[in-house]
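Heads up: the structure comes next, in structure tokens.
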Amino acid sequence: MRIDASGLHYRQLNQQIKAAVAEGETEFELVNVCGHRYLGSGIDQPVNIRVEGIPGNDLGAFMSGPRIRCSGNAQDGIGNTMDDGLVVIPGHAGDVMGYSMRGGCIYVRGNAGYRIGIHMKSYLDKEPVVIIGGRVRDFCGEYLAGGKLIVLGLDQPAGEPLVGKYCATGMHGGTMYVRGEVDPALLRPGVSATEIGDDDRQVLRDLLAPYCAEFSLPLDEIVGGLFVRITPHTARPYGQLYAY
Amino acid sequence: MPLTTVHPQFIIKRDMDLCIQCGVCTRQCSYDAQKIDPEDGRVSSDPRTCVGCQRCVTLCPTGALVVTERELHGRSHPNWSLQVQRAIHRQAESGGMLLTGMGTDKNYRIYWDNLVLNASQVTNPSIDPLREPMELRTFLGAKPERVEFDDEGNPVSQAGPLLTLDTPIMFSAMSYGSISFNACYSLARAAKNAGTYFNTGEGGLHRDLYEYADHAIVQVASGRFGVTPQYLDAAAAVEIKIGQGAKPGIGGHLPGEKVSAEISATRMIPEGSDAISPAPHHDIYSIEDLKQLIYALKEATNYSKPVSVKIAAVNYVVPIAVGAVRAGADIVAMDGTRGGSGATPTVIRDNVGIPIEFALAAVDSRLRQEGIRHQASLVVAGGFRNSADIAKAIALGADAVYIGTSALIALGCHMCQSCYTGKCTWGICTQDPYLTKRLNPEIGTRSLTNLLRAWSLEIKEMLGGMGMNSIDSLRGNREMLRGIGLTTEELEILEVAPVGR
């Protein structure tokens, strides 16, 4: 189903999509999208949505199943509290991506902004995966409780830090992988950055294979690079703060 | 027990003439304050670990026990009370923040006690609720600015999605995790019985409570625990939790040892891991961001249910509440400084936030001044002790109230403020199966249903006395209130006339 979003309010656009999903439609092509918010929000079917244009904030918020493929950049709040599904961004992504995400994948080919992957968490077979091709800014992986957050640092100018300040503050679960050096000064106490082992490389290969396929990137070359793994010292970072 | 400088807070008196050495006290105490000697079977007490929960006192079959607060020891000092000294000793020993539970025990003025209600005399005769219908039905959500009719006299104005309450009292947010399943179950069933709503707090909705979901307000807090499309779909309303009266501005965390298999499944986090709720929502740094989340939730639920925003009453509660209304909130819930908590740093509980009376009066006034009072309902919380407090709150401008602490007292809470220990002897604020089975959900449901019935009857009685037959006539009707013993400034903020005028 093809929907021309020009002139439509996001509420109208989302209503049209949801009505069609309810009738069994599984393939969507949205054209002339320009800042329409909440695309895919609240949909719990594994439908395919292709977005031509720039989707608005909260793309895929609270969604559980849809596979959304964009044509270029996307804005803030992608995959907010997302339960399942896929979001593919060939360009750059804005701030607060993957906030409290519990499942599904977000693939960004370019860079992402501030507050990426805050408080992602995993549960049973649900494990959120966020992969950023370029670099991220400050507060990445704060309160990380589960899932995988991967920063590849592709196409970056020499000397460009791949993560910003306050990286992994309050992290108490999950794993963050950065392909390249991480200045220890950017990390908060309570986490360690170590070089990866063979197990990690296999994990990365499994996670990166669909990502590389999505963007036609050389998997072997990317997996073979220098990776740093960031993990928390404890799952109980606040255990020592109180008098009982 | 190691040597400590912390003095015991309670004295346990056992009348040896009455004590039959049955050992009930030792089995009831989860704090090791009552012990039984394994050799000779004699019971003894250790006041150093006693929290004053009164469980042993209540269940002692011969009435042999008395637990009282220890008064002064040594020389008294107004600045350095026993409580102050004890806090310093505990912190000197541990180096940690002091934790506590329930609402503040600091002696702040309770302004409800300085407000009195009106009654009819001679003119506008009072109504007897026993013989005339008395309407407590309350609708929460966005209302139309004015009611318009078509040519045939049918109303054409549309209200937003509304919650329908048979009594203007709802159960405040208490999560599964902070309280036991039996407590949650009792609240859910009582809400259904009484035609009102319970609030899940931020701990998700247990699968066995989904059948009560049409009476559930589900929370979306900074931790987003258990927030799934099903959770949002099932609920009657969705509440974004920004703050809580007992701990404005700070987050919370459920320690890993309380994250049992059932809680793990409900919160959707691994068993035994800390459930950390960051202080802010990291996707909300402004009113515009709040609007984005409000509409994200409306989109996710197809605009089919009201979205509430719960904030703590703080200095700038007025612009924040007005901002929330302008951001699209259908309900704004405000929690005053006397509001309760399962675990909160004592220093925050006792020193941050403002009383709900002023927050309510100021917010209601400003919303009316701006002409947007109809766009959202106001729900207030924070230490409502009885039906009179509730009637006064409604007269000050509230649409409904949330009760938390009084509901827990109905379930057996004796206000020992030790909820954070997870050892609640009354089976309310614990996950220990040995303790939780003490709260029978049948009895709990009945107690809560009784409390709501009793308070509703009293509210009807008060309404009838004022010559009103509907709670709507009292709502925001500050003419029905007079202030006693309040300063001019306090009266001005409350927009209430002094007694005698």
Exactly one of B:299, B:288 is within 12 Å of chain A (Cβ to nearest Cβ), assigned to a helix (DSSP H, G or I) and crowded, with 23+ Cβ neighbours inside 10 Å, and that residue is B:299
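Regarding region B:327-343, can at least one residue be identified that is in a helix (DSSP H, G or I) and crowded, with 21+ Cβ neighbours inside 10 Å?
Restricting attention to region B:327-343, the residues satisfying the condition of being in a helix (DSSP H, G or I) are none.
The answer is no, given that none of the residues of region B:327-343 is in a helix (DSSP H, G or I) and crowded, with 21+ Cβ neighbours inside 10 Å.
Looking at B:261, B:265, B:237, which is the one that is in contact with a Ser or Thr (Cβ under 9 Å, 6 or more places away or on another chain) and either in the same structural domain as residue B:305 (by TED's automatic domain parsing) or at pLDDT 95 or above (or both)?
Details: B:261 fails: in contact with a Ser or Thr (Cβ under 9 Å, 6 or more places away or on another chain); B:265 fails: in contact with a Ser or Thr (Cβ under 9 Å, 6 or more places away or on another chain).
The unique qualifying residue is B:237.
Hey, among B:68, B:104, B:62, which residue is farther than 28 Å from residue B:471 by Cβ and in contact with an Asp or Glu (Cβ under 6 Å, 6 or more places away or on another chain)? It would help to see each step written out before you state the result.
Details: B:68 fails: in contact with an Asp or Glu (Cβ under 6 Å, 6 or more places away or on another chain); B:62 fails: in contact with an Asp or Glu (Cβ under 6 Å, 6 or more places away or on another chain).
Answer to the selection: B:104.
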Close pairs (7 angstrom Cβ cut-off, 6 or more residues apart or separate chains): in contact (Cβ under 8 Å) with a residue 40 or more places away in the chain and under 27 Å from residue A:187 (Cβ atoms) in region A:214-237, of a type in the set (Lys, Arg) and assigned to a loop (DSSP other than H, G, I, E, B) anywhere: A:225/A:179; A:226/A:179; A:227/A:179
Would you confirm whether any residue within region B:467-487 is hydroxyl-bearing (Ser, Thr, Tyr), assigned to a helix (DSSP H, G or I) and within 30 Å of residue B:49 (Cβ to Cβ)? no
Residue, farthest from residue B:294 (Cα to Cα), within region A:55-77, restricted to residues that are of a type in the set (A, V, I, L, M, F, W, C) and touching a strand residue (DSSP E or B) at 6+ places or on another chain (Cβ under 6 Å): A:70
Subset of region A:12-34, residues within 12 Å of chain B (Cβ to nearest Cβ) and either under 24 Å from the mean Cα position of the chain (by Cα) or closer than 23 Å to residue A:97 by Cβ (or both), comes to A:13, A:14, A:17, A:18
Kindly provide the set of residues from region A:5-41 that are surrounded by 13 or more Cβ atoms within 10 Å (Cβ to Cβ) and either more than 20 Å from residue A:58 (Cα to Cα) or among the aliphatic types (A, V, I, L, M) (or both), ordered by number. A:5, A:8, A:13, A:17, A:20, A:21, A:25, A:26, A:30, A:31, A:33, A:39
Among the residues of region B:264-285, count how many are more than 8 Å from chain A (Cβ to nearest Cβ), surrounded by 15 or more Cβ atoms within 10 Å (Cβ to Cβ) and either hydroxyl-bearing (Ser, Thr, Tyr) or outside any loop (DSSP other than H, G, I, E, B) (or both). 5
Selection from region B:22-69 of residues that are polar (S, T, N, Q), exposed (fewer than 14 other Cβ atoms within 10 Å of the Cβ) and part of a loop (DSSP other than H, G, I, E, B): B:62
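Do you know which of the residues in region A:84-122 that are among the hydroxyl-bearing types (Ser, Thr, Tyr) and within 20 Å of residue B:277 (Cβ to Cβ) is farthest from the chain's Cα centre (by Cα)?
A:122
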Quick one: count up the residues across region B:415-436 that are farther than 18 Å from residue B:56 by Cβ and assigned to a loop (DSSP other than H, G, I, E, B). 2
Filter region B:92-110 for residues that are exposed (fewer than 14 other Cβ atoms within 10 Å of the Cβ) and without any contact (Cβ under 8 Å) to a residue 24 or more places away in the chain; the one that is nearest to residue B:341 (Cα to Cα) is B:107
From B:284, B:276, B:320, residue being of a type in the set (Val, Ile, Thr), assigned by TED's automatic domain parsing to the domain that holds residue B:204 and under 16 Å from residue B:372 (Cβ atoms): B:320
Pull up region B:413-450, narrow it to residues that are hydrophobic (A, V, I, L, M, F, W, C) and surrounded by fewer than 21 Cβ atoms within 10 Å (Cβ to Cβ), then point me to the one that is nearest to the other protein chains (Cβ to nearest Cβ). B:415
Only one residue in B:284, B:294 is of a type in the set (A, V, I, L, M) and in contact with a helix residue (DSSP H, G or I) (Cβ under 7 Å, 6 or more places away or on another chain). Which one? B:284
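Please find, among B:100, B:138, the residue that is over 30 Å from residue B:464 (Cβ atoms) and of a type in the set (Val, Ile, Thr).
On the way: B:138 fails: over 30 Å from residue B:464 (Cβ atoms).
Sole residue among the options that is over 30 Å from residue B:464 (Cβ atoms) and of a type in the set (Val, Ile, Thr): B:100.
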Taking region B:302-339 on its own, how many of its residues are within 14 Å of chain A (Cβ to nearest Cβ), touching a residue at least 60 places away in the same chain (Cβ under 8 Å) and among the small types (Gly, Ala, Ser)? 1
For residue B:198, only one of the following conditions fails: (1) surrounded by fewer than 24 Cβ atoms within 10 Å (Cβ to Cβ); (2) over 22 Å from residue B:296 (Cα atoms); (3) free of Cβ contacts under 8 Å to residues at least 40 places away in the same chain. What is its number? (1)
Scanning for something in a loop (DSSP other than H, G, I, E, B), within 14 Å of chain B (Cβ to nearest Cβ) and over 20 Å from residue A:135 (Cα atoms), does region A:211-233 turn up at least one residue? yes
Determine the pairs where a residue that is at the interface with chain B (Cβ under 10 Å from one of its Cβ atoms), located within region A:49-61, has a partner that is surrounded by fewer than 18 Cβ atoms within 10 Å (Cβ to Cβ) with Cβ atoms under 6 Å apart, the partner being 6 or more residues away or on another chain. A:56/A:35
Which numbered condition residue A:169 fails, given (1) within 14 Å of chain B (Cβ to nearest Cβ); (2) at pLDDT 95 or above: (2)
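For region B:302-326, enumerate the residues that are in a loop (DSSP other than H, G, I, E, B) and either under 25 Å from residue B:112 (Cα atoms) or out of contact with any Leu (no Cβ under 9 Å at 6 or more places or on another chain) (or both).
Going through region B:302-326, the residues in a loop (DSSP other than H, G, I, E, B) turn out to be B:302-306, B:313-316.
Residues satisfying the conditions are B:302, B:303, B:304, B:313, B:314, B:315, B:316.
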Out of all the residues in region A:55-104, which are surrounded by fewer than 24 Cβ atoms within 10 Å (Cβ to Cβ) and touching a Leu at 6+ places or on another chain (Cβ under 6 Å)? A:67
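The values are calculated or read from the model by the stated rules, or taken from the named source; none is laboratory data. Remember, predicted model here, so these are calculated numbers, not experimental data. Neighbour counts run over all protein chains shown; Cβ positions are idealised from the backbone, glycine included.
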